[in-house]
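Down below is the structure, laid out as structure tokens.
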Amino acid sequence: MKLGIVGLPNVGKSTLFNAITKAGAESANYPFCTIDPNIGIVNVPDERLAKLSAISGSKKLIPANIEFYDIAGLVKGASKGEGLGNKFLANIREVDAIVEVLRCFQDENIVHVDGNIDPLRDIETINLELIFSDMEMVEKRLDKSRRALKGNKDLQEEVDLLEKLLTVLEEGKSARVLDLNDDEKKLLKNFNLLSDKPIIYVANVSEEEVANADSNEFVKQIKEFAAAENAEVVAISAQIEQEISELEDDEKKEFIEAMGLEESGVNTLIKASYSLLGLMSFLTTGEQETRAWTIKKGTKAVDAAGKIHTDISRGFIRAEIVSYDDLVELGNMNAAREKGLVRLEGKDYIMQDGDVVHFRFNV
Ligand code: GDP
């Protein structure tokens, strides 16, 4: 899963990105390792893995991870190709969701590109670039589809949807505000719009305010705006995240508590991303490794198997499944089996969060 960090200059993007990258660098242990300065990989925090690996005596523990892309280069006029505009928009097209960093902290020494702190104005500046880019694309496609409609009546649905989209975009609103039915949603996916991507607004507040961010006037404004878009808001202090990322594990916990926080902002952000994207994890465990795998809610067993390896999906016979809670309560696999809590499920079984799975397959 890929998340793209965007925002105006001087809002704290790099500070947050560096904190994320550091968090990732420490917890290495990845099956792959990307050495790209613009990509930071972090673990999805999951307390279940340690318990499961204790039960199985696993040698390795592999959490799910998500990738953050530092997408710099947004300036006004990006959609018209100004600055690195085209590259910026192309990079956003690649990600599953957008993390938009908004400056809410006051600091006279750090200039704001537009003079003062006003996150709603900043949202508009950024989102308008995405909206303009979408508008151009929708207009072109609408033009084409209308002409093709004469020979192919099946295109009526597409034309209707494009017209709806254009109306919203012309009002300066993001495509994600549209309330669409399932067919329309499916159709919309083909267009790969930017203003339709799931979005998390990160309110970067000052270190003094972070424990009580909801009382910050700017955070309130952002929350109100986000609610109308079905978007998420996470308040953090990028500065503090950077400080946390530099601490040893045991110091981390203490520092987070001392700041009046329940967990680090990076962890909160990861959890919010998971929920925004409708993701969950299934687990595999054995002597070699205990591992979490990310899937969308509603994924079938056969497709979940494909996450591990296409061969497992192709040769799928059955999935042997026990829920994490049952397994931990009974203490081991044999006890769970004796109690009849290990089920055999077929290809169409809908996976549940925390399913501990062993796939049987033909090679
Ligand atoms: P970017 O241009 O969006 O990547 O912004 P940077 O991460 O480079 O931050 C710009 C400046 O703001 C740097 O001097 C940071 O140290 C500072 N900064 C970032 N986050 C915070 C914060 O939460 N509080 C304060 N006071 N300064 C911050």
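Six or more apart or on different chains, Cβ atoms under 6 Å: show the pairs whose first residue is in the stretch 325-337 and closer than 15 Å to Glu47 by Cβ and whose second is in a helix (DSSP H, G or I).
Cβ pairs passing all conditions: Leu327/Ala336; Val328/Lys51.
Tally the residues that are away from the ligand (no atom under 15 Å from the Cβ) and not in a helix (DSSP H, G or I), restricting the search to the stretch 117-143. Break it down stepwise before answering.
Here is the first cut: in the stretch 117-143, the ones away from the ligand (no atom under 15 Å from the Cβ) are 118, 120-121, 124, 127-143.
Narrowing the set further to residues that are not in a helix (DSSP H, G or I) leaves 118.
Summing the residues that are away from the ligand (no atom under 15 Å from the Cβ) and not in a helix (DSSP H, G or I) in the stretch 117-143 gives 1.
Looking only at the stretch 219-242, filter to residues that are acidic (Asp, Glu) and surrounded by fewer than 19 Cβ atoms within 10 Å (Cβ to Cβ); which one of those is nearest to Val99 (Cα to Cα)? Explain how you work it out, then say what you get.
As a first pass, look at the stretch 219-242 and keep what is acidic (Asp, Glu): 224, 229, 232, 241.
Adding the requirement that they be surrounded by fewer than 19 Cβ atoms within 10 Å (Cβ to Cβ) leaves 224, 229.
Details: Glu224: 17, Glu229: 14 Å.
Within the stretch 219-242, the match that is nearest to Val99 (Cα to Cα) is Glu229.
Got at least one residue in the stretch 152-170 being under 17 Å from Ala231 (Cα atoms) and assigned to a loop (DSSP other than H, G, I, E, B)?
Looking through the stretch 152-170, none of the residues is under 17 Å from Ala231 (Cα atoms) and assigned to a loop (DSSP other than H, G, I, E, B).
Residues of the stretch 171-181 being modelled with pLDDT under 95 and assigned to a helix (DSSP H, G or I), which ones?
Listed by number, the residues that qualify are Arg176, Val177.
Run down Lys76, Lys60 and say which single residue is more than 13 Å from the ligand (Cβ to nearest atom), of a type in the set (Lys, Arg) and either touching a Phe, Trp or Tyr at 6+ places or on another chain (Cβ under 8 Å) or modelled with pLDDT under 90 (or both).
Working: Lys60 fails: either touching a Phe, Trp or Tyr at 6+ places or on another chain (Cβ under 8 Å) or modelled with pLDDT under 90 (or both).
Criteria check complete, one pass: Lys76.
Table: residues versus (1) of a type in the set (Asp, Glu); (2) assigned by TED's automatic domain parsing to the domain that holds Gln239.
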residue: Glu94; (1), (2): yes, yes
residue: Val101; (1), (2): no, yes
residue: Asn109; (1), (2): no, yes
residue: Leu130; (1), (2): no, no
residue: Asp160; (1), (2): yes, no
residue: Lys173; (1), (2): no, no
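Go through (1) among the β-branched types (Val, Ile, Thr); (2) over 30 Å from Ala97 (Cα atoms); (3) surrounded by fewer than 20 Cβ atoms within 10 Å (Cβ to Cβ) for Ile321 and report which single condition fails.
(3)
Return yes when Ile41 is away from the ligand (no atom under 16 Å from the Cβ), within 26 Å of Asn267 (Cβ to Cβ) and either part of a strand (DSSP E or B) or modelled with pLDDT of 95 or more (or both) and no when it is not.
On the way: away from the ligand (no atom under 16 Å from the Cβ): yes; within 26 Å of Asn267 (Cβ to Cβ): yes; either part of a strand (DSSP E or B) or modelled with pLDDT of 95 or more (or both): yes.
Yes: the conditions hold for Ile41.
Do we find that Glu108 is among the charged types (D, E, K, R) and away from the ligand (no atom under 16 Å from the Cβ) in this structure? Spell out how you get there, then give the answer.
Values: among the charged types (D, E, K, R): yes; away from the ligand (no atom under 16 Å from the Cβ): no.
No.
On the given criteria, is Gly306 over 30 Å from Asn212 (Cβ atoms), touching a Phe, Trp or Tyr at 6+ places or on another chain (Cβ under 8 Å) and among the small types (Gly, Ala, Ser)? So that I can check it myself, show each step before the final result.
On the way: over 30 Å from Asn212 (Cβ atoms): yes; touching a Phe, Trp or Tyr at 6+ places or on another chain (Cβ under 8 Å): no; among the small types (Gly, Ala, Ser): yes.
No, not satisfied.
It is to be established whether one or more residues within the stretch 342-360 are surrounded by 19 or more Cβ atoms within 10 Å (Cβ to Cβ) and of a type in the set (Asp, Glu).
Yes, the conditions are met somewhere in the stretch 342-360.
Spot the failing condition for Val266; the list is (1) within 20 Å of Ala336 (Cβ to Cβ); (2) at pLDDT below 95; (3) not small (Gly, Ala, Ser), and only one is missed.
Every condition holds for Val266 apart from (1).
Filtering the stretch 236-254 down to residues that are free of Cβ contacts under 8 Å to residues at least 40 places away in the same chain and within 15 Å of the ligand (Cβ to nearest atom), which residue is nearest to Ala211 (Cα to Cα)? Lay out the reasoning, then the answer.
Going residue by residue through the stretch 236-254, those that are free of Cβ contacts under 8 Å to residues at least 40 places away in the same chain are 240, 243, 247-254.
Next, from what is left, pick out any that are within 15 Å of the ligand (Cβ to nearest atom): 240, 243.
Values: Ile240: 11, Glu243: 15 Å.
Once the filter is applied, the top-ranked residue is Ile240.
For the stretch 63-73, name all the residues that are at pLDDT below 90 and in a loop (DSSP other than H, G, I, E, B).
Correct list: Ile71, Ala72, Gly73.
Which one of these is surrounded by fewer than 22 Cβ atoms within 10 Å (Cβ to Cβ), on the phi < 0 side of the Ramachandran plot and within 16 Å of the ligand (Cβ to nearest atom): Asn216, Asn204? Don't jump to the end; show me each part of the working.
Values: Asn204 fails: surrounded by fewer than 22 Cβ atoms within 10 Å (Cβ to Cβ).
Unique residue meeting the criteria: Asn216.
The values are calculated or read from the model by the stated rules, or taken from the named source; none is laboratory data. Since the model is a prediction, treat every value here as computed from it, not as a measurement. Note: ideal-geometry Cβ built from the backbone for every residue, glycine included; neighbour counts use all protein chains shown.
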